[in-house]
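Below is one structure; the comments refer to it alone.
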Number of protein chains: 2
Amino acid sequence: MKPEGTLLLKRHEVAELLTLEECISAVEQVFKLQGEGKTAAPGVLGIHAHDGGFHIKAGLLDLSRPYFVAKANANFPQNMQRFGLPLIQGIIVLCDGENGYPLAVMDSTEITILRTGAATAVAAKYLARPDSKVATICGCGNQGRVSLRALMKVRPLDRAYAFDNDGAQAEHFARELSSELGIEVTVAGDLAEAVRKSDICVTCTPSKRYFLNREYIPPGMFVAAVGADNEEKQELDPRLMQKNKIIVDLLEQCATIGDLHHALECGLITREDIHAELGEIVAGRKTGRESAEEIIVFDSTGMALQDVVATVAVYERALSNNSTARMNFFA
Amino acid sequence: MKPEGTLLLKRHEVAELLTLEECISAVEQVFKLQGEGKTAAPGVLGIHAHDGGFHIKAGLLDLSRPYFVAKANANFPQNMQRFGLPLIQGIIVLCDGENGYPLAVMDSTEITILRTGAATAVAAKYLARPDSKVATICGCGNQGRVSLRALMKVRPLDRAYAFDNDGAQAEHFARELSSELGIEVTVAGDLAEAVRKSDICVTCTPSKRYFLNREYIPPGMFVAAVGADNEEKQELDPRLMQKNKIIVDLLEQCATIGDLHHALECGLITREDIHAELGEIVAGRKTGRESAEEIIVFDSTGMALQDVVATVAVYERALSNNSTARMNFFA
């Protein structure tokens with residue numbers, strides 16, 4: 001059967017085709033496959049530009065059939081001020097893994113946000129206390145929003161604190177998410193105090209200097225470090241990695257570009273101190289949370305395979321949607 | 001200035017927008033920039049699939065402005081027999097190098113063929129005898145066609161031999177190119193004899209075992225090895241690399257996936273025996289041909305930067321073309 005052209009999907013179409021629930025379930029599935037050793041190594045490459053950079057993540061997965069996904073994301077921190085453009089922009093190409101045909105070309109923004117939030121939810125499902133009620137979200141952008149929404153799917157939260165250097169952003173976040181989620185979301189005036197009252201803390205800021213001190217963290221907390229995705233970014237006090245249970249999405253990647261790399265670099269811990277990759281826990285090969293008191297830190301740098309499953313979920317849903325634009329690039 | 005959407009270009013549009021002359025000149029320019037040390041290192045990554053594989057080549061170049069290009073090519077050798085699909089299919093994403101906006105998404109097939117043929121022409125311009133009259137083309141597919149067309153732009157050929165394991169392909173090639181180029185193109189019944197009568201020999205086959213023996217090669221010949229782009233492919237007798245002048249497009253890449261790697265692997269030569277990268281010769285930093293007798297071998301594996309310049313040439317030409325489709329992926 002010859003393909004009938006390449007599906008073209010805009011951001012709002014991707015958003016309509018992929019629910020957070022489905023994305024969490026797809027991402028959990030891929031962590032399980034990875035933990036079972038059933039996935040091939042994906043590829044990552046980065047190219048520096050003058051004011052930012054480009055990252056490519058690519059991977060192949062056998063799902064309902066073999067699929068290949070390559071995501072090219074641009075990351076330009078000054079984009080909004082300089083050009084009125086988003087910080088992150090990108091395009092995903094999805095190909096048939098059996099014959100290479102490009103099945104779809106789509107906006108990557110929505111998938112990047114959702115699959116990252118989904119990983120936080122999967123991690124919380126296995127690593128946060130089941131009775132977690134309160135979360136602090138550091139960084140009130142798109143990723144902060146999806147993090148809180150995603151946590152709500154896996155833990156019975158009734159309260160959240162919103163923290164951001166930009167107070168207006170935090171206010172806006174608190175108002176919007178309170179009303180959307182029906183829980184009490186308030187601005188965290190004092191981060192230390194908010195964190196001390198929380199069960200879960202997610203960091204998703206562009207910070208280059210840590211702001212989450214070890215002293216803030218109460219016993220039993222689950223911390224997800226989501227923001228750091230290059231060697232210059234840092235959110236967590238590296239001492240937070242000492243003596244606590246550290247879980248990573250991909251060990252090598254976290255050791256290079258995640259928050260983990262600062263703790264390794266200053267010699268506070270070694271790779272042997274890492275408890276597990278999240279996939280090993282989802283697959284049941286390593287233990288997750290073992291007590292209500294232990295502090296667990298998850299370092300999330302984003303796996304290419306998360307992009308693959310999320311993209312495939314969008315594509316398979318779009319197939320039934322006849323209104324979607326198609327193009328034959330090879331005509 | 002906000003971008004107005006992403007240009008979408010089909011294969012026939014790319015072909016109409018990029019002439020071989022322009023592509024040769026763009027590719028010569030990028031070899032010069034590279035030889036002058038003015039280009040940043042591009043990135044390459046490969047993902048194996050069951051019946052083939054995917055390759056991504058990405059790079060950033062400061063041309064009239066900074067541009068980033070990522071090319072994702074699928075290579076499935078049995079595609080035609082199994083699915084009626086081409087061996088190589090792919091998509092290129094071109095982004096603004098200053099803010100990451102995706103300026104264009106286009107078919108990669110035409111660009112891959114043309115930029116490869118263009119590299120052969122640039123190499124021939126610096127490395128083939130100026131009075132070269134006869135060429136043998138091994139492999140009568142698309143790459144063979146563009147190779148002969150490209151050589152015609154830089155050398156006064158009046159005769160060519162077409163060689164292919166598939167005799168019908170060779171016949172078809174000879175008929176088509178004779179009439180198109182107005183020179184005598186005949187099928188090479190005996191490869192050794194055809195090569196002996198030639199000044200230039202280009203190999204662009206999918207062969208996994210060498211067929212161009214050292215004994216066939218006459219003094220003064222320029223040989224371009226174009227087909228090998230993974231470690232399993234091989235076209236040249238590795239002994240051909242001994243004592244002759246070896247030029248590569250990218251040393252590390254040729255040492256890994258080019259025909260060169262077989263000669264290195266069996267210990268016939270070392271990296272020190274490589275005379276130059278083509279860019280160094282185009283930039284005037286190393287000598288090209290020094291006598292009418294020397295045999296020069298060019299190992300071409302394809303640089304990401306060739307894709308960048310060729311893509312940019314297509315894009316800048318397309319900007320003036322109002323009929324081109326645009327899409328706002330971020331809407």
inquiry  = Need pairs with beta-carbon distance below 6 Å; first residue more than 8 Å from every other protein chain (Cβ to nearest Cβ) and within the stretch A:317-331, second modelled with pLDDT of 90 or more and assigned to a loop (DSSP other than H, G, I, E, B); sequence gap 6+ or separate chains.
reply    = A:ARG326/A:GLY5
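Restricting attention to the stretch A:264-292, report how many residues are within 21 Å of the chain's Cα centre (by Cα) and at pLDDT below 95. Walk me through how you get there before you give the answer.
Residues of the stretch A:264-292 within 21 Å of the chain's Cα centre (by Cα): A:274-283, A:288-289.
So of that shortlist, the ones also at pLDDT below 95 come out as none.
Going through the stretch A:264-292 one residue at a time, the tally reaches 0.
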request  = Quick one: in the stretch A:223-239, of everything that is among the aliphatic types (A, V, I, L, M) and farther than 19 Å from A:TYR126 by Cβ, which residue is modelled with the highest pLDDT?
outcome  = A:LEU236
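Residue under question is B:ASN142, and the condition is that it be more than 21 Å from the chain's Cα centre (by Cα) and either polar (S, T, N, Q) or closer than 19 Å to B:VAL27 by Cβ (or both); does it hold? Quick ask: steps written out before the conclusion?
Numbers: more than 21 Å from the chain's Cα centre (by Cα): no; either polar (S, T, N, Q) or closer than 19 Å to B:VAL27 by Cβ (or both): yes.
The answer is no for B:ASN142.
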query = Just wondering, is there one or more residues in the stretch B:215-223 that are under 14 Å from B:CYS138 (Cα atoms), crowded, with 24+ Cβ neighbours inside 10 Å and touching a strand residue (DSSP E or B) at 6+ places or on another chain (Cβ under 8 Å)?
reply = yes
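Could we say that A:ASP190 is under 17 Å from A:ARG145 (Cβ atoms) and not basic (Lys, Arg) here? Walk me through how you get there before you give the answer.
Values: under 17 Å from A:ARG145 (Cβ atoms): no; not basic (Lys, Arg): yes.
In short, no.
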key: Answer from B:GLU4, B:GLU16 - the residue that is farther than 24 Å from A:ILE56 by Cβ, assigned to a loop (DSSP other than H, G, I, E, B), within 14 Å of chain A (Cβ to nearest Cβ) and not β-branched (Val, Ile, Thr)   = B:GLU4
note = If we keep only residues of the stretch A:224-248 that are of a type in the set (S, T, N, Q) and more than 22 Å from A:ASP131 (Cβ to Cβ), then the residue surrounded by the fewest Cβ atoms within 10 Å (Cβ to Cβ) is A:GLN242
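Can we say B:THR311 is within 14 Å of chain A (Cβ to nearest Cβ), touching a residue at least 40 places away in the same chain (Cβ under 8 Å) and hydroxyl-bearing (Ser, Thr, Tyr)?
Numbers: within 14 Å of chain A (Cβ to nearest Cβ): yes; touching a residue at least 40 places away in the same chain (Cβ under 8 Å): yes; hydroxyl-bearing (Ser, Thr, Tyr): yes.
When the stated conditions are applied, B:THR311 passes them.
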key: Matching residues, the stretch B:182-202, being in contact (Cβ under 8 Å) with a residue 24 or more places away in the chain, of a type outside the set (Gly, Ala, Ser) and surrounded by fewer than 16 Cβ atoms within 10 Å (Cβ to Cβ)   = B:GLU184, B:THR186, B:LYS197
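Examine the stretch A:274-281 for a residue that is part of a loop (DSSP other than H, G, I, E, B) and either more than 22 Å from A:GLN29 (Cβ to Cβ) or in contact (Cβ under 8 Å) with a residue 24 or more places away in the chain (or both), and state whether such a residue exists. Spell out how you get there, then give the answer.
As a first pass, look at the stretch A:274-281 and keep what is part of a loop (DSSP other than H, G, I, E, B): none.
No: the stretch A:274-281 contains no residue that is part of a loop (DSSP other than H, G, I, E, B) and either more than 22 Å from A:GLN29 (Cβ to Cβ) or in contact (Cβ under 8 Å) with a residue 24 or more places away in the chain (or both).
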note = Considering the stretch A:26-61, residues that are in a loop (DSSP other than H, G, I, E, B) and at the interface with chain B (Cβ under 10 Å from one of its Cβ atoms), and then whichever is surrounded by the most Cβ atoms within 10 Å (Cβ to Cβ), we arrive at A:PRO42
note = The condition of being modelled with pLDDT under 95 and under 19 Å from the mean Cα position of the chain (by Cα) holds, among A:PRO3, A:PRO77, only for A:PRO77
request  = Report, by residue number, each residue of the stretch A:120-169 that is surrounded by fewer than 23 Cβ atoms within 10 Å (Cβ to Cβ) and of a type in the set (Gly, Ala, Ser).
outcome  = A:SER132, A:GLY141, A:GLY167, A:ALA168
request  = Just one of (1) closer than 24 Å to A:LYS208 by Cα; (2) touching a helix residue (DSSP H, G or I) at 6+ places or on another chain (Cβ under 9 Å) trips up A:ARG82, so point out which.
outcome  = (2)
key: Conditions (1) within 21 Å of the chain's Cα centre (by Cα); (2) farther than 14 Å from B:ILE111 by Cα; number of the one not met by B:GLN89   = (2)
Enumeration of residues in the stretch A:305-329 that are modelled with pLDDT under 90 and touching a helix residue (DSSP H, G or I) at 6+ places or on another chain (Cβ under 6 Å) = A:THR324
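Within the stretch B:172-187, which residues are outside any strand (DSSP E or B) and acidic (Asp, Glu)? Let's see the steps before the verdict.
First, pick out the residues of the stretch B:172-187 that are outside any strand (DSSP E or B): B:172-183.
B:GLU176, B:GLU180 - these are the residues of the stretch B:172-187 that are outside any strand (DSSP E or B) and acidic (Asp, Glu).
The values are calculated or read from the model by the stated rules, or taken from the named source; none is laboratory data. All values derive from a computational prediction rather than experimental measurement. Methodologically, a virtual Cβ is constructed for each residue, glycine included, from the backbone with ideal geometry; neighbour enumeration extends over all protein chains shown.
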